[in-house]
Amino acid sequence: MTIAAEQHVDGAAAKPASRFNLARLAPYLQAAPLTLILGAFLVAPILMIVVVSFWDYDFARLYPDFVTYNYTEALGSWVTWKTYLNTLKFAAIVWALTLFIGFWVAYFLAFHIRTTAMQIVLFLVCTVPFLTSNIIRMISWIPVLGRNGLVNAALVESGLVPAPLEWLLYSEFAVVLAMVHLYTLFMVVPIFNTLMRIDRSLIEAARDAGASGRQILWNVIIPLAKPGMAIGTIFVVTLVMADFITVQVMSGGQSASVALIMKNQMSLLQYPAAAANAVVLLVLVLLLVAGILRVVDIRKEL
């Protein structure tokens, strides 16, 4: 065999090998930009919070160290535990109300509005309040629920109550009402998306088999809507547990949440203590999300 022929054979063998290597590297190269972004803006900040949670501090500065005092203070106080329970209570109540309201709004849009154009119009109407700030939408309840607000004025003038109701504003009722107003759309959107994907032939088959409307709802629609409910639950629960401004303003300082504790600690420059509470809250939220994912498989919705 001549030298030219040998070089030709060697080149032909090298080309498939190089192509094979590139084919193996292609998925990693495609995932590299997203990995870098998540690493820089998600993983790195979380790791920094974990590191700072073990630092020491005083009234003036932070001291890089490894102390567990911040976690002992966060988990060893009954006041802190009571605040965590209060936060979970807000999350549970708001979740139940937003799930109920969000499901029926999404059900109405998906099954009672026949034309796609009208569905889109009504869905956009639901999103109109999000064109304004959360704070503006929250404080808009103050003139409605106040002692001399619209609700109390209507109740007194109609004779239903002899005097204005004090618990409508600056109470846990006002906190829950404002949160439901702020976060219901986060439950409507994923449920509506799931309901629109349901094959209508399944409903027709159940109706032909003699199932009533209630049976179709309970045995067909709700089971198929569980992934959307799970995604909405994750959105609402995480938003409620991270909310501090609504609790602070709408309760008038009479209620507390973990996020509000962290906000107060940061205002006092107690960053390691706030970081420790943030880590505990993050672990709690991740456990709740993991529990939801164990019950409902949402991969087909993503």
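Considering the range 50-71 alone, what residues qualify as being closer than 15 Å to GLN265 by Cβ and of a type outside the set (Phe, Trp, Tyr)?
If the condition is that a residue be closer than 15 Å to GLN265 by Cβ and of a type outside the set (Phe, Trp, Tyr), then VAL52, SER53, ASP56, ASP58, LEU62, ASN70 are the ones that fit.
Looking at the range 149-204, which of its residues are more than 30 Å from PHE111 (Cβ to Cβ) and either aromatic (Phe, Trp, Tyr) or outside the structural domain of LEU224 (by TED's automatic domain parsing) (or both)?
TRP167, TYR170, PHE173
State all residues of the range 111-136 that are under 23 Å from the mean Cα position of the chain (by Cα) and either among the polar types (S, T, N, Q) or surrounded by 15 or more Cβ atoms within 10 Å (Cβ to Cβ) (or both); if no residue qualifies, say none.
Scanning the range 111-136 gives PHE123, CYS126, THR127, PRO129, THR132, SER133, ASN134.
Kindly indicate whether VAL161 is farther than 24 Å from ALA92 by Cβ, assigned to a loop (DSSP other than H, G, I, E, B) and either without any contact (Cβ under 8 Å) to a residue 60 or more places away in the chain or not β-branched (Val, Ile, Thr) (or both).
yes
Conditions tested, residue by residue: (1) over 27 Å from HIS181 (Cβ atoms); (2) modelled with pLDDT of 90 or more.
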site: ARG207; (1), (2): yes, no
site: ILE221; (1), (2): no, yes
site: MET229; (1), (2): no, yes
site: MET241; (1), (2): no, yes
site: SER251; (1), (2): no, no
site: LEU287; (1), (2): yes, yes
site: VAL296; (1), (2): no, no
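Out of the range 44-63, which residues are over 17 Å from ASN277 (Cα atoms) and either in contact with a Lys or Arg (Cβ under 7 Å, 6 or more places away or on another chain) or surrounded by 10 or more Cβ atoms within 10 Å (Cβ to Cβ) (or both)?
Passing the criteria: ALA44, TYR63.
Go through the range 199-302 and tell me which helices (runs of 4 or more DSSP H), entirely inside it, have 1 or more residues that are closer than 30 Å to GLY146 by Cα and out of contact with any Asp or Glu (no Cβ under 8 Å at 6 or more places or on another chain).
222-241, 245-250, 258-267
State whether one or more residues within the range 66-79 are within 16 Å of MET262 (Cα to Cα), crowded, with 18+ Cβ neighbours inside 10 Å and polar (S, T, N, Q).
yes
Given the criteria closer than 25 Å to LEU284 by Cβ, surrounded by fewer than 18 Cβ atoms within 10 Å (Cβ to Cβ) and either of a type in the set (S, T, N, Q) or in contact (Cβ under 8 Å) with a residue 12 or more places away in the chain (or both), does GLU172 qualify?
Here the answer is yes, as GLU172 does meet what is asked.
Within the range 67-112, take every residue that is touching a Phe, Trp or Tyr at 6+ places or on another chain (Cβ under 9 Å) and not in a helix (DSSP H, G or I) and give me the one that is nearest to LEU217 (Cα to Cα).
The extreme case among them is THR68.
Just to be sure I understand, how many residues within the range 166-188 are within 16 Å of THR98 (Cβ to Cβ) and of a type in the set (Gly, Ala, Ser)?
Matching residues across the range 166-188 total 1.
Looking only at residues that are of a type in the set (Gly, Ala, Ser) and within 18 Å of MET262 (Cβ to Cβ) in the range 272-297, which one is surrounded by the most Cβ atoms within 10 Å (Cβ to Cβ)?
Among them, the one singled out is ALA276.
Which of the following residues is surrounded by 12 or more Cβ atoms within 10 Å (Cβ to Cβ), out of contact with any helix residue (DSSP H, G or I) (no Cβ under 6 Å at 6 or more places or on another chain) and over 19 Å from LEU88 (Cα atoms): ARG197, ARG214?
ARG197
Could you give every pair whose Cβ atoms fall below 8 Å, whose first residue belongs to the range 58-73 and is in contact (Cβ under 8 Å) with a residue 60 or more places away in the chain, and whose second residue is among the small types (Gly, Ala, Ser) and assigned to a strand (DSSP E or B), counting only separations of at least 6 or pairs across chains?
Nothing qualifies.
Looking at (1) farther than 18 Å from TYR183 by Cβ; (2) modelled with pLDDT under 85; (3) among the hydroxyl-bearing types (Ser, Thr, Tyr), which is the only condition SER158 fails?
The single condition SER158 does not satisfy is (2).
The values are calculated or read from the model by the stated rules, or taken from the named source; none is laboratory data. Keep in mind that what you see is a predicted model, and the values were worked out from it rather than measured. Neighbour counts run over all protein chains shown; Cβ positions are idealised from the backbone, glycine included.
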